[in-house]
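Participant: Starting off with a structure, shown below.
The values are calculated or read from the model by the stated rules, or taken from the named source; none is laboratory data. Predicted model, so just to flag it, every value in this text is computed and none were measured. Heads up, the Cβs are rebuilt from the backbone with ideal geometry, glycines too, and the neighbour counts pull from every protein chain shown. Please note that ligands, DNA and RNA were not included when accessible areas were found on the heavy atoms of the full protein model with its side chains. Shrake-Rupley method; radii C 1.70, N 1.55, O 1.52, S 1.80 Å.
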Amino acid sequence: MKAFFKYLIYPFEALLFSLVVLIGFLLPFSWGSAVGSFLVGSLGPLLSKKTQIAQQNFQLAGLKFTKDQQDQIIKKMWQNLGRTFLEYVRLPYQSPFGKNSPYTVEGLDHLDALINDKKPGLLFSAHYGNWEVGTYVAQKRGLKTAQVTRFLNNPLTRFLVNTVQERVARKVIPKGASGAKAIMKELKSGHHVSLLADQKMNDGLSAPFFGRDAMTASALAKMALKFDCPILPFQVIRIDGIKCKVIYHPPLTIPKTGTNQEKTEALLKQMNDHIESWVREHPEQWFWVHRRWPKELYKNQKGNGE
């Protein structure tokens, strides 16, 4: 019965999603971003369970914020998410370069090296700032990139999202077993793959994150070792409104000694170290409301903001 109602509600979810997408298309880019900031920034903090997870994550990360600071970070986090979603609708129409671009780009030499090295390559970021911009800018620069993403359960909304994503990246690849095969195929063909590496993966490997072991997706590191290809971190910082700074950092150092397990763990630590440094720099721009650490750690956290 529960499954029946789930499928029954799919058309209504798709209709609501379509209305939001339509707003994003009809409004000027900056207006749509502002509407997203207002709506999600107003409604998001009312989700008490999500707020509790964020507060627990602050504690687990060892970040000492006052209650007012926590409230501000959570509100700004939701505002950023609203902006990112509404901006995504019109992202394919934005010029990433030039004086009128809302984006400034640093580290293009690292990106150009990836374009010109005649090898496959991997890029990673986190749910941070407007994370979608990094892949889009790379594609416009000439790096034809496949993007790994979690496909939505609702096939109607999935179609709408993937339609936009396929204009941001050359190809969209689902997470999971079928996605792993597609990534392998891309790399074997000498192409590039971009993904977000900051969510808990139960089938991953443990790597330190804010001083605590966190299950981390290992596929990126394993494939870099298998194909002897670079891993490029990219960070997108929201500066003000629609203005963002895109930073392509130097590629990770690929270990030359040790077992494959040791090399993989060393790469995962580098990945998590990058993401941790970004979060410490701008905590309000990271998506705090997913459980990053093992379940048992959350049982002992009250999440009361004290």
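Participant: Within the stretch 238-275, take every residue that is hydrophobic (A, V, I, L, M, F, W, C) and open to solvent by 10 Å² or more (accessible area, probe 1.4 Å) and give me the one that is nearest to SER37 (Cα to Cα).
Facilitator: Going through the qualifying residues, I end up with ILE242.
Participant: In the stretch 185-203, what count of residues is obtained for those that are free of Cβ contacts under 8 Å to residues at least 60 places away in the same chain and under 17 Å from ARG291 (Cβ atoms)?
Facilitator: Residues in the stretch 185-203 being free of Cβ contacts under 8 Å to residues at least 60 places away in the same chain and under 17 Å from ARG291 (Cβ atoms): 3 in total.
Participant: For the stretch 198-219, name all the residues that are of a type in the set (A, V, I, L, M) and open to solvent by less than 10 Å² (accessible area, probe 1.4 Å).
Facilitator: ALA207, ALA214
Participant: Counting only residues that are among the charged types (D, E, K, R) and either farther than 12 Å from ALA169 by Cβ or touching a residue at least 60 places away in the same chain (Cβ under 8 Å) (or both), which one in the stretch 133-155 is most open to solvent (accessible area, probe 1.4 Å)?
Facilitator: ARG150
Participant: Examine the stretch 280-294 for a residue that is within 24 Å of ASP203 (Cβ to Cβ), in contact (Cβ under 8 Å) with a residue 24 or more places away in the chain and polar (S, T, N, Q), and state whether such a residue exists.
Facilitator: Checked against the condition, which is being within 24 Å of ASP203 (Cβ to Cβ), in contact (Cβ under 8 Å) with a residue 24 or more places away in the chain and polar (S, T, N, Q), the stretch 280-294 yields no hits at all.
Participant: Related question: Examine the stretch 158-168 for a residue that is more than 26 Å from LYS243 (Cα to Cα), of a type in the set (A, V, I, L, M, F, W, C) and out of contact with any strand residue (DSSP E or B) (no Cβ under 8 Å at 6 or more places or on another chain), and state whether such a residue exists.
Facilitator: Yes; the residues of the stretch 158-168 include at least one that is more than 26 Å from LYS243 (Cα to Cα), of a type in the set (A, V, I, L, M, F, W, C) and out of contact with any strand residue (DSSP E or B) (no Cβ under 8 Å at 6 or more places or on another chain).
Table: residues versus (1) of a type outside the set (Lys, Arg); (2) under 22 Å from the mean Cα position of the chain (by Cα); (3) at pLDDT 95 or above; (4) at negative phi.
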{"position": "LEU8", "(1), (2), (3), (4)": "yes, no, no, yes"}
{"position": "VAL20", "(1), (2), (3), (4)": "yes, yes, no, yes"}
{"position": "LEU26", "(1), (2), (3), (4)": "yes, no, no, yes"}
{"position": "GLN55", "(1), (2), (3), (4)": "yes, yes, yes, yes"}
{"position": "LYS64", "(1), (2), (3), (4)": "no, no, no, yes"}
{"position": "ASP68", "(1), (2), (3), (4)": "yes, no, yes, yes"}
{"position": "ASP71", "(1), (2), (3), (4)": "yes, no, yes, yes"}
{"position": "LEU81", "(1), (2), (3), (4)": "yes, yes, yes, yes"}
{"position": "VAL89", "(1), (2), (3), (4)": "yes, yes, no, yes"}
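Participant: Scan the stretch 156-177 residue by residue and report those that are closer than 21 Å to PHE234 by Cα and surrounded by fewer than 15 Cβ atoms within 10 Å (Cβ to Cβ).
Facilitator: GLU166, ARG167
Participant: While we're here: Among the numbered conditions (1) open to solvent by 10 Å² or more (accessible area, probe 1.4 Å); (2) part of a loop (DSSP other than H, G, I, E, B), tell me where LEU195 comes up short.
Facilitator: (2)
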